[in-house]
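These notes concern the structure reproduced below.
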Amino acid sequence: MKRSKDTFKLNYQYRIVPNKQQVNQLNNWLYKLFRIHNLMLEERFNWWECNRHSVNACPIFVTHLPELKDQPTYYSQKRANHWSREVCSYLYEGVHSQVIQETIKRVEDAFNRFVKGDLNGKRSGKPRFKSVKRYRTFSIPQLKSDCVTVTPNPHKRKNGGIRRDIAYVNLPKIGQVKLIYHRPIPEGFTIKAALVSRKADGWYIGLTLEDKSVPSLKSLEIEATEENSLGLDVGLDKFWTASDGEVEPIQQHYRKSEAKLAKLANRKDKKPHKSASRRKLAKKISKHHQKLQRKRKQFHYESAIKLISRDKKVFFLEDIKPGNLSRKNKPKQDENGNYLPNGQSAKSGLNKSINDAGWGQFLSILTYKAAKAGKAVVKVKPHDTSQVCSCCNRLVQKDLSIRIHECLCGLILDRDWNAAINIKRVGLGIFPTIKRRKRSRKATTKEAYTVISDSV
């Protein structure tokens, strides 16, 4: 769901069933687009390597100074008289012009994030050249409003039920493609753009729907109180624990299928390279990963709906970054340059469990569902929320292996439940001074330290 100043947009994804001729045409488009993507990226890299330094910074007496060229831009690369259209004219034949322009736009966005960074100045990694297997999506920026035709199905089921409507989508230069119309398009919405993707089990299309009659809604300012708010602590032992004691068990989808995937991978590795049996096993592994991804996403939706259906208005969650938590440890070297143990082998299992839990996807789904229901999701800093006692505000240091919180004040509570209570307190401003502290090596898990609040 996207909101702009004057319009209201939705994204609906459908499965399409193209015929053999259309499948060959779609695969041909993806092949040509990935070649165009690599050509445009190569031109930008050549300019970057030869012209990124100023003249004053170059040792002109040692290094040859090449002829300065203008920086490639989106408009210069999409121009009809571009060099690639003369050398590789066959790549542009039969492909819609706007689809090619969107491919060049993707290259520009990826390169700008690498050179300039985003709005916060954070730069992304160096863009990679794509292979035909890794380039699986192309965008159609403009579609006619009546591109989808729906007709009632005259046949009925054996039990007398009504069958799904017959639908087709008209794609430019491809024609009428059969559409699995599993849910109707809402009234008042018009189709603006499409995103065609090739996945492990077939082809899919994502339609961007727009309704200009719906005004932009302002975000509701909900005042959080003790009664209408709820604190949530996500973890690996339990998926989330609420501040009122409710627990959602974790579903380790990848962990349960890890042995089966390992057997399939071993069978695939034993097959001859580029053989039909190897491709079949690779496709089977891709479908299994797709199934795990859908099961995880379905679990996240069900868990989010379970929370939104409660009578709470504000949900306080940890402001965590799963990508940073699952990052590899930095390598360690001695004086001679030999690598030392850095604990990565022990942390690899933790990283796998973090990625399997999918906290980032769950937080985005919960935020979307809460906004749709008129509720709010607030992220708070989780520093030491599992270490501070929620009863007496003491700091009790404990490792991840210790799952029970025991304090000198007599409070014995589950570690995640105690953290959820502290997250709610931080969100309400009752205890706003939880910050990261340096732990002493001599401290034991039973030692407690008093935390001084600013309000005292």
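The values are calculated or read from the model by the stated rules, or taken from the named source; none is laboratory data. All of these numbers come straight from a predicted model, not from anything done at the bench. No Cβ is skipped: glycine too gets one built from the backbone with ideal geometry, and neighbour counts run over all protein chains shown.
Points worth noting:
Per-residue answers, yes or no, for (1) modelled with pLDDT under 90; (2) out of contact with any Asp or Glu (no Cβ under 8 Å at 6 or more places or on another chain); (3) not small (Gly, Ala, Ser):
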{"residue": "Lys212", "(1), (2), (3)": "yes, no, yes"}
{"residue": "Glu221", "(1), (2), (3)": "yes, yes, yes"}
{"residue": "Thr225", "(1), (2), (3)": "yes, yes, yes"}
{"residue": "Lys238", "(1), (2), (3)": "no, no, yes"}
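The rows are residues; the columns are (1) more than 26 Å from the chain's Cα centre (by Cα); (2) modelled with pLDDT under 90; (3) within 12 Å of Gln13 (Cα to Cα).
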| site | (1), (2), (3) |
| --- | --- |
| Val148 | yes, no, no |
| Pro154 | yes, yes, no |
| Arg157 | yes, yes, no |
| Ile174 | yes, no, no |
| Ile180 | no, no, yes |
| Gly188 | yes, yes, no |
| Lys192 | no, no, no |
| Asp201 | no, no, no |
| Tyr204 | no, no, yes |
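- Condition check for Glu318: under 19 Å from Thr367 (Cα atoms) and at pLDDT 95 or above: no
- Condition check for Ala371: more than 22 Å from Val247 (Cα to Cα), of a type outside the set (D, E, K, R) and surrounded by 15 or more Cβ atoms within 10 Å (Cβ to Cβ): yes
- Single condition Tyr339 does not satisfy, out of (1) within 16 Å of Gln251 (Cα to Cα); (2) surrounded by fewer than 13 Cβ atoms within 10 Å (Cβ to Cβ): (1)
- Note on the range 270-283: among residues that are of a type in the set (D, E, K, R) and surrounded by fewer than 14 Cβ atoms within 10 Å (Cβ to Cβ), the one that is farthest from Asn351 (Cα to Cα) is Lys274.
- Residue in the range 260-269 that is at positive phi, loosely packed, with under 13 Cβ neighbours inside 10 Å, out of contact with any Asp or Glu (no Cβ under 7 Å at 6 or more places or on another chain) and not assigned by TED's automatic domain parsing to the domain that holds Ala420 present: no
- Helices (runs of 4 or more DSSP H) lying entirely in the range 344-456 (those with 3 or more residues that are modelled with pLDDT of 90 or more and among the hydrophobic types (A, V, I, L, M, F, W, C)): 359-372, 415-428
- Looking only at the range 116-170, and only at residues there that are among the hydrophobic types (A, V, I, L, M, F, W, C) and in a loop (DSSP other than H, G, I, E, B), the one that is surrounded by the most Cβ atoms within 10 Å (Cβ to Cβ): Leu143
- Taking helices (runs of 4 or more DSSP H) as the structural unit, those lying wholly within the range 206-323 and holding at least 1 residues that are more than 28 Å from Ala419 (Cβ to Cβ) correspond to 258-270, 276-308.
- Reported count of residues in the range 44-99, each being in a loop (DSSP other than H, G, I, E, B) and at pLDDT 70 or above, is 12.
- The combined condition, being in a loop (DSSP other than H, G, I, E, B), under 21 Å from the mean Cα position of the chain (by Cα) and over 30 Å from Leu411 (Cβ atoms), is fulfilled by Lys328.
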